[in-house]
Amino acid sequence: MPDLPLPRGFVASGYGGKGSASRTPWIGVFGESINTQAQEGLYLAYIFDSTQTSVTLTLQQGVTKLSDAYPKLGDRLRELRRRARHLRAGMEPELAAQWAHTPIFNSKLERPRAYEAASVAARRYEIASMPAEEILAEELRVASLLLRDAAASHRVWLQQPSENEPIVYVGEGHLPLPVDDPLDGFRPNDSSDYYVHIRGGRRRRERHHEELIKDFGLHVVMRGYQPITLGMYPRDLVLRRPAVDQQRSWLVEGKAVKKGNATQAVREAVGQLYEYSYYWHQKRGQAKPHLVALFTEDIGHYAEYLEEHGIASIWRTEGGGWAGSPTAVSWDLAAEA
C-alpha cells in the first residue's frame, strides 16, 4: 500500500498478528473523535486476504469485545451480520450500492471470518492492478465520511431498547412500565416539572413502533440531523440541526398504522404532538418545535389534513425508503410522495 494521506482527524496503525504472523494482516484507520481501538466500536481497515493477492478497504465493527456476550462463533457471526445490516440501512442508497462488496478473505480461521461478517461497507482492490494513488486517497476520504455517519447511526441504535426490554423513562430515569396505559397518571405540572407517575408493573414496548423510530433515526443522520431519544420520554424523538436552525428543534411522534386504517394513528399523533410541544417546549421557555408525524405506511389524504394543521408527515415506503408531505420534503427529511 502506498503512503496515503489520511483524512483530517484520522490515524493509522498496522496489525500483523501477535506471536505469529497473521494470515490476513491489516492496517487500521481510526477516527480520533470516533474510536481509536479495534476491539469494539467502528473503524476503517485495509485487510489483506490470505493469498495476499487482494486488499479490501472495509468499514469494520470491532469483534473482540463482542465475544464476551456471544462466546459461540456462530452466534457472534450472526450478530455481526445483523448489526451490519442495520448500519447499512442508514447509508445513502447510492453509496450503499457503490460500497456493497462482501469481503472474502479465503480463510477458515475464526478472526478472518469475523472480519467478513463485521463489514458494513467495503471496496476490494487487486494488488496486481491497484488504482492510482489519487483514486485510493479519494476513496479513503469517502470511507471516512461513511464511518462518521455510521458512528452517529450506531449511537442512535444503541440508545434504542431491545424488543424484549420492558422499560420506560420517567423524567430522565428508567423504571418498569405499568400494566395499564403508560400515560395513565400523566400529569402536567408547572413549567419546570412534567413527569409520568408510575404505579408499578411491566409492559413490553411495541416492536413495530420501536423499529420505526430506530430506522428513521438512522435515516435522518444522513440528512445532517442529530436524533435524540435519551431523556426525551414521553416524546418519541427530537431532532436538532444546528447547521440550519440553532433555535428550533423537530418533534417527532411515531405511530404504527394498523390494518391499513390510518385514522386512529393520525388522531393520536396530532394530540400528542400538540401536547408535548406545549408542555415540553413552550412552557419551558423553548422555541416551539417543528412538528413531524411519522407512520409505518402511507396515510393517504391525511397528509394534506396534517399539513393544514402545521404538521409534516412522513411514512415508510414499500421499498424501505421514506416519503412525505411537502413540508417534510422541504426539510430534507423525506422524498416527495
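The values are calculated or read from the model by the stated rules, or taken from the named source; none is laboratory data. Since we're looking at a predicted model, the values are computed, not measured. Ideal geometry is used to build each Cβ from the backbone, glycine not excepted, and the neighbour counts take in all protein chains shown. In case anyone asks, the SASA skips ligands and DNA or RNA and just uses the protein heavy atoms, side chains included. Shrake-Rupley method; radii C 1.70, N 1.55, O 1.52, S 1.80 Å.
Quick one: Leu57 ticks every box in (1) open to solvent by 30 Å² or more (accessible area, probe 1.4 Å); (2) within 16 Å of Ser119 (Cβ to Cβ); (3) aliphatic (A, V, I, L, M) except a single one, so which number is it?
Looking at each condition in turn, Leu57 falls short on (1).
Residues to consider are Glu110, Glu79, Glu116, Glu94; find the one that is closer than 22 Å to Gly217 by Cα and at pLDDT 90 or above.
Matching residue, one of Glu110, Glu79, Glu116, Glu94: Glu79.
So in the range 263-295, with the set limited to residues that are assigned to a loop (DSSP other than H, G, I, E, B) and open to solvent by less than 10 Å² (accessible area, probe 1.4 Å), which one is farthest from Met232 (Cα to Cα)?
The residue in question is Pro289.
Specify the residue that is most open to solvent (accessible area, probe 1.4 Å); the eligible residues are those in the range 296-322 that are out of contact with any Lys or Arg (no Cβ under 8 Å at 6 or more places or on another chain) and part of a strand (DSSP E or B).
Filtering first and then ranking leaves Arg316.
List, please: which pairs have Cβ atoms under 8 Å, are six or more places apart or on different chains, and start with a residue in the range 234-245 that is over 20 Å from Tyr278 (Cα atoms) and of a type outside the set (A, V, I, L, M) and end with one that is open to solvent by less than 20 Å² (accessible area, probe 1.4 Å) and part of a loop (DSSP other than H, G, I, E, B)?
Close Cβ pairs satisfying both conditions: Arg241/Tyr225.
In contact with a Leu (Cβ under 7 Å, 6 or more places away or on another chain), farther than 15 Å from Ala117 by Cβ and either crowded, with 20+ Cβ neighbours inside 10 Å or among the small types (Gly, Ala, Ser) (or both): does that describe Gly14?
It is false that Gly14 is in contact with a Leu (Cβ under 7 Å, 6 or more places away or on another chain), farther than 15 Å from Ala117 by Cβ and either crowded, with 20+ Cβ neighbours inside 10 Å or among the small types (Gly, Ala, Ser) (or both).
Could you check the range 119-175 and list, in sequence order, the residues that are open to solvent by less than 70 Å² (accessible area, probe 1.4 Å), part of a helix (DSSP H, G or I), at pLDDT below 90 and of a type in the set (A, V, I, L, M, F, W, C)?
Leu146, Leu147, Ala150, Ala151, Ala152, Val156, Trp157
Filter the range 69-117 down to the residues that are touching an Asp or Glu at 6+ places or on another chain (Cβ under 7 Å) and over 22 Å from Leu145 (Cα atoms), then identify the one that is most open to solvent (accessible area, probe 1.4 Å).
Among residues in the range 69-117 that are touching an Asp or Glu at 6+ places or on another chain (Cβ under 7 Å) and over 22 Å from Leu145 (Cα atoms), the one most open to solvent (accessible area, probe 1.4 Å) is Ile104.
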